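Just below is one structure, and these are the notes that go with it.
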Amino acid sequence: MVRFVRREPSAVLLAAQLLGVLLYPAMEGNDVGRSLFSVFGILILGLVVMAVRSLPGFTWVAVALAAPATVLLLIQAVTRDDSLLPYSSAFEAVLYFYAAYALIRYLLADHVITRDEVWAVGAAFTLVAWAFVYVYVVWQAIEPGSFTAAVDPKQDRTWIELLFLSFTNLSSTGLSDVVPIKPFARSLVMLEQLAGLAYIAMLVSRLVGLLVLSRSQN
């Protein structure tokens, strides 16, 4: 298992994040769940740092960002207090964007598609989606009421609601009932929509082209 994690960190990171999509709803709404949410966040941070270590990125940058985020998440897990969430989210947003950048550099580095690079395409997408969620969490703390939804429209949006918003915008499906209603929140969502279009145009199309080219040469 350790050998597999070291050989294909992108696959492990992608699997952990998709598992989080299924687990996050069960963690919301109670103190124990919020503590588990923080612990799971620390696990994901570790996987992100491990992925960056195996990529053409600076490991010390990832560690420098992950360390304060981990400390803040540990405090939240122990105290079950979400008041530090915007601060830990700020560090995590920068770390996830940086890890996505490292993965994209890795994908654009050569013209041979390996199995880990296929997993890296999915992992980079989820990293960007998570990064924007943390940005939304930070901005929601700065300007409450930036996002609304069909259920409890005046309440702050939960993590899973913001994750749903992020995925629908990054994938350009636009099926979310969570919408930005403040001007700067709308600007952030528009940036994510642009990032989603650029990701598909730049990386997914390149991957498909290289796969077709490799098959034609065989």
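The values are calculated or read from the model by the stated rules, or taken from the named source; none is laboratory data. A quick note: this is a predicted structure, and the numbers were derived from the prediction, not measured. As a convention, Cβ positions derive from the backbone with ideal geometry for all residues, glycine included, and neighbour counts pool all protein chains shown. The area values use the complete protein model at the heavy-atom level, side chains included, leaving out ligands, DNA and RNA. Shrake-Rupley method; radii C 1.70, N 1.55, O 1.52, S 1.80 Å.
Quick rundown of the values:
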item: Which listed residue is surrounded by fewer than 19 Cβ atoms within 10 Å (Cβ to Cβ), at pLDDT 80 or above, under 16 Å from the mean Cα position of the chain (by Cα) and of a type in the set (Val, Ile, Thr), from Thr173, Thr168, Thr158; result: Thr158
item: Qualifying positions in the range 156-195 - over 23 Å from Phe37 (Cα atoms), part of a loop (DSSP other than H, G, I, E, B) and aliphatic (A, V, I, L, M); result: Leu175, Ile181
item: Selected residue [farther than 22 Å from Leu162 by Cα and not small (Gly, Ala, Ser)] from Val71, Val32; result: Val71
item: Any hit, the range 42-50, residues being open to solvent by less than 30 Å² (accessible area, probe 1.4 Å) and modelled with pLDDT under 85; result: no
item: Some residue of the range 21-37 being at pLDDT 90 or above and surrounded by 21 or more Cβ atoms within 10 Å (Cβ to Cβ); result: no
item: Search result, residues across the range 63-113 that are open to solvent by less than 10 Å² (accessible area, probe 1.4 Å), under 11 Å from Leu45 (Cβ atoms) and of a type outside the set (Gly, Ala, Ser); result: Leu73, Glu92, Leu95, Tyr96
item: Out of Leu14, Leu73, sole residue that is part of a helix (DSSP H, G or I) and either in contact (Cβ under 8 Å) with a residue 40 or more places away in the chain or closer than 19 Å to Val128 by Cα (or both); result: Leu14
item: Residue selected from the range 114-155 under the condition part of a helix (DSSP H, G or I) and small (Gly, Ala, Ser), by the criterion modelled with the lowest pLDDT; result: Ala120
item: Every pair of residues 6+ apart whose Cβ atoms lie under 6 Å, when the first sits in the range 91-109 and is on the phi < 0 side of the Ramachandran plot while the second is aromatic (Phe, Trp, Tyr) and at pLDDT 85 or above; result: Glu92/Tyr134; Ala93/Tyr134; Tyr96/Trp130
item: Pair list, Cβ under 9 Å, 6 or more apart: the range 138-149 residue closer than 12 Å to Phe184 by Cβ, other residue open to solvent by less than 20 Å² (accessible area, probe 1.4 Å) and assigned to a loop (DSSP other than H, G, I, E, B); result: Trp139/Ser146; Gln140/Ser146; Gln140/Arg157; Ser146/Arg157; Phe147/Arg157; Phe147/Val178
item: Residue under evaluation Ser35, criteria (1) in contact with a Gly (Cβ under 9 Å, 6 or more places away or on another chain); (2) under 22 Å from Asp156 (Cβ atoms), criterion not met; result: (1)
item: Meets criteria (open to solvent by 40 Å² or more (accessible area, probe 1.4 Å), under 28 Å from Arg7 (Cα atoms) and not aliphatic (A, V, I, L, M)) for Thr126; result: no
item: Boolean, Ala198 is open to solvent by 30 Å² or more (accessible area, probe 1.4 Å) and in contact (Cβ under 8 Å) with a residue 12 or more places away in the chain; result: no
item: Scan of the range 7-31 for residues that are among the hydrophobic types (A, V, I, L, M, F, W, C) and either under 21 Å from Ile75 (Cβ atoms) or under 16 Å from the mean Cα position of the chain (by Cα) (or both), ordered by number; result: Ala11, Val12, Leu13, Leu14, Ala15, Ala16, Leu18, Leu19, Val21, Leu22, Leu23, Met27
item: Residue within the range 137-148 that is hydrophobic (A, V, I, L, M, F, W, C) and in contact with a Lys or Arg (Cβ under 7 Å, 6 or more places away or on another chain) present; result: yes
